[in-house]
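No value in this document is a laboratory result; all are computed from the given coordinates. Keep in mind it's a predicted model, so treat the numbers as computed, not measured. Here the Cβ positions follow ideal geometry from the backbone for every residue, glycine too, while neighbour counts run over all protein chains shown.
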Amino acid sequence: TECEKEPGSLLWIFVMVGNIVRGMGETPIMPLGISYLEDFAKAENSPFYLACLHTATVVGPFLGLLLASFCAELFVDIGSVGADEVTITATDARWVGAWWLGILICALLNLLVGIPFWFLPKSLVKEGETNEPEEASEKSVAPLQENDKNGTKQTMYDFIPFLKALFHNPVYMLFICITVLQFSAFDGMISFMPKYLEQQFGKSASDAIFLIGVYNLPVLCVGYFSGGLFMKKFKINIYQAANIAFWVSLLEYLLYFAAYWTVCDTSPVAGLTVSYQ
């Protein structure tokens, strides 16, 4: 007898490579964008601009979740299979939404949004300062070009010692640990909460994704924007900002602990909480 081959596909490799390329393109936006703002903005306006930048990073996932909710209502083989041929609904466990459609739409939008970045100037006049005379700027072009070449070589040699110095900086490492913990909690909620809503409340994948986006991300936008506006208005320094962040985070964790007393009864799941009989 001939061996039967199990159905499989290597197309997931294309999805993985696509996500790697997307991550490589999106990663420089935050560090370089923050440096861009810090270099050319006033000290009192910088927190507000950073808050606007972080707010935009939350608006994106919010719109993405809305798009995912729409795509999840469409059958995965849309365009090749007629709607009358699909005999299951979106609430069925066998339903697979058109997950690939959102990737294509976002890829096209990323390409269009990336075009204006080509027209950003290499350098800006710092906010609140006047332009330098043209003669002075022309004279400084040649020294700046030489300094850029020498600075690039020097940066390559200084990268490892600078990285070691960062790892020995307790404030920097503490901030990294806090960021990892916060994103771990947020990513866990984004990953598992939709499935919990589906199982516990009988929601479809589309409704669960929509609820996650509506309930969580707009609140983050309000927090980022109001925090930056608060720091700009009252000119909060780094020490005061650290104190505010500590007490607000402590209040946040205490509120999260209250979730342990709001547990609902687990819905019966065949093969998990109840037998198949």
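Assorted remarks:
- Taken along the Cα-to-beta-carbon direction at a fixed 7 Å, the label points for ALA242 and ASP92 span 5.8 nm.
- Pairwise FRET efficiency - GLU85 versus VAL15, Cβ, R0 = 35 Å, nearest 0.05: 0.85
- Extension gain for ALA56-TRP100 works out to 13.4 nm (0.36 nm per residue, less the C-alpha to C-alpha distance).
- Modelled FRET efficiency - R0 22 Å, ALA258 with MET30, Cβ distances, 0.05 increments: 0.10
- Extension gain from ASN169 to PHE230, taking 0.36 nm per residue of separation minus the Cα-Cα distance: 19.1 nm
- Cβ-Cβ FRET estimate between VAL222 and LYS42, R0 fixed at 30 Å, reported to 0.05: 0.80
- The stretch between LEU112 and ILE160, if pulled fully straight at 0.36 nm per residue, gains 13.7 nm over its current Cα-Cα span.
- Built amide H within the under 5 Å cut-off of VAL96, gap 5+: VAL76
- The range 66-127: C-alpha pair distances exceeding 16 Å, %: 60 percent
- Radius ratio Rg over Rh of the range 1-105, counting only Cα atoms, Kirkwood formula for Rh: 1.19
- The range 177-277 shape via C-alpha gyration tensor axes, a/c threshold 1.5: prolate
- Residue-by-residue Karplus 3J(HN,Hα) for the range 232-240, coefficients 6.51, -1.76, 1.60, Hz, glycine and proline x: 5, 5, 9, 6, 6, 8, 5, 5, 5
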